[in-house]
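So the structure is just underneath, and the comments pick up after that.
The values are calculated or read from the model by the stated rules, or taken from the named source; none is laboratory data. Just so we're clear, the structure is a prediction, and the values are computed from it rather than from any experiment. Because the Cβ atoms are built from the backbone with ideal geometry, glycine has one as well, and the counts that use them run over all protein chains shown. These accessible areas exclude ligands, DNA and RNA; they are computed on the full protein's heavy atoms, side chains included. Shrake-Rupley method; radii C 1.70, N 1.55, O 1.52, S 1.80 Å.
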Amino acid sequence: MTLRNYKTEDAHIICQWIKTEEDVYKWSADIYNKFPLTGNDIDSNYAPLMAEKRFIPLTAVDDSGDVVGHFIIRYPQINNDEFVRFGFVIVDPARRGKGLGSKMLRLGIEYAKNQLNARRIDLGVFANNDSARHCYEAVGFKEYGRHSFNLVIGEWECIDMELFI
């Protein structure tokens, strides 16, 4: 597996992995608030963020070049380049349970450390997404807080996790 920069054509593939309205919210919190998503929805959201150069969407591809995962790295604080946040983490549902999520995250951690000189990464995961939380814990993320998150489909508990690198 390798990471490469996100391409517009990746958006269509990612949308195919999001099969339910609940999946939309687990993946994006309240960013999209619609189902089904289209590739244009993702591109329209990403384009202005990428222009700021503090938002880095990455795609994981397997040895055959097939897209198997995706996530973004962003700088949540304007004047702090040592702190980044992972988001929009997703793996092809047909390939889950095979360690690809952990492998993709480890590559992302190395990227954040070596390319971005980050020292801390954080992310949020909903408490109703056990498999994602376990994946984050497997690569070293630790819980540091919880808060309620109001979504169109209800109130969910969000677990804040961090990793110092």
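In this structure the amide hydrogen of F126, modeled in the peptide plane, comes within under 5 Å of the amide hydrogens of I159, none closer than 5 places in sequence on its chain. For S102, the solvent-accessible surface computed with a 1.4 Å probe is close to 20 Å², ligands and nucleic acids excluded.
Taking Cβ atoms as reference points and 11 Å as the exclusive limit, the residues near L3 contribute a net charge of +2, counting Lys and Arg as +1 and Asp and Glu as -1. Calculated FRET efficiency, I153 to S64, Cβ-Cβ distance, R0 = 30 Å: about 0.25 to the nearest 0.05. 3J(HN,Hα) along the stretch 135-142, derived from phi through the Karplus expression 6.51 cos²θ - 1.76 cosθ + 1.60 where θ = phi - 60°, amounts to 4, 5, 5, 5, 9, x, 5, 10 Hz, with x in place of Gly and Pro. Residues whose amide H lies under 5 Å from that of I56, counting only those 5 or more places away or on a different chain, are I73, R74; hydrogens are built 1.01 Å from N in the peptide plane.
Give the residue list of chymotrypsin sites (Phe, Trp or Tyr not before Pro) in the stretch 1-83 that are DSSP loop and have at most 14 other beta-carbon atoms within 10 angstrom.
Details: sites: Y6, W17, Y25, W27, Y32, Y46, F55, F71, F83; in loops: Y6, Y32.
For chymotrypsin sites (Phe, Trp or Tyr not before Pro) across the stretch 1-83 that sit outside H, G, I, E and B with at most 14 neighbouring Cβ atoms in 10 Å, the list is empty.
Placing a label point 7 Å from the Cα of Q16 along the Cα-to-Cβ direction, the residues of the stretch 33-64 with a backbone N closer than 18 Å are 36-43, 59-64.
Loop-located trypsin sites (Lys or Arg not before Pro) across the stretch 1-70 with a Cβ neighbour count of 15 or fewer within 10 Å are K7, K19, K34, K53, R54, with loop assigned by DSSP.
Accessible surface calculations at 1.4 Å, restricted to protein heavy atoms, place the stretch 81-146 at 51 Å² per residue. Compared with the direct C-alpha span, the chain from E143 to S102 gains 13.1 nm at full extension, assuming 0.36 nm per residue.
Taking the alpha carbon gyration tensor of the chain, multiplying each eigenvalue by 5 and rooting it gives semi-axes of 21, 20, 17 Å, largest first. Candidate cross-link partners of K7 among the lysines, defined by an alpha-carbon separation under 28 Å and a same-chain spacing of 8 or more, comprise K19, K26, K34, K53, K98, K103, K113.
For the stretch 80-132, the relative contact order comes to 57 percent (Cα pairs under 8 Å, sequence separation of at least 6). Taking the centroid of alpha carbons for each part, the stretch 124-165 and the stretch 30-76 are 19 Å apart. Taking a Cβ cut-off of under 15 Å around V89, the surrounding Lys, Arg, Asp and Glu residues balance to a net charge of 0, with basic ones at +1 and acidic ones at -1. Derived scalar couplings between HN and Hα for the stretch 157-163 equal 8, 10, 9, 8, 10, 9, 9 Hz in order, rounded to whole Hz, by the Karplus curve 6.51 cos²θ - 1.76 cosθ + 1.60 (θ = phi - 60°), x for Gly and Pro.
For the stretch 43-131, give the percent of accessible area contributed by carbon and sulfur heavy atoms, probe 1.4 Å, rounded to a whole number.
Working: 1990 of 4420 Å².
Its accessible area is 45 percent carbon and sulfur atoms.
Residues of the stretch 70-93 with an amide N closer than 16 Å to a point placed 7 Å from the Cα of R120 along the Cα-to-Cβ direction: 74-86.
Listed values for the stretch 112-119 are Karplus-derived 3J(HN,Hα) couplings in whole Hz (6.51 cos²θ - 1.76 cosθ + 1.60, θ = phi - 60°), namely 4, 6, 8, 8, 10, 6, 6, 10, and x replaces Gly and Pro.
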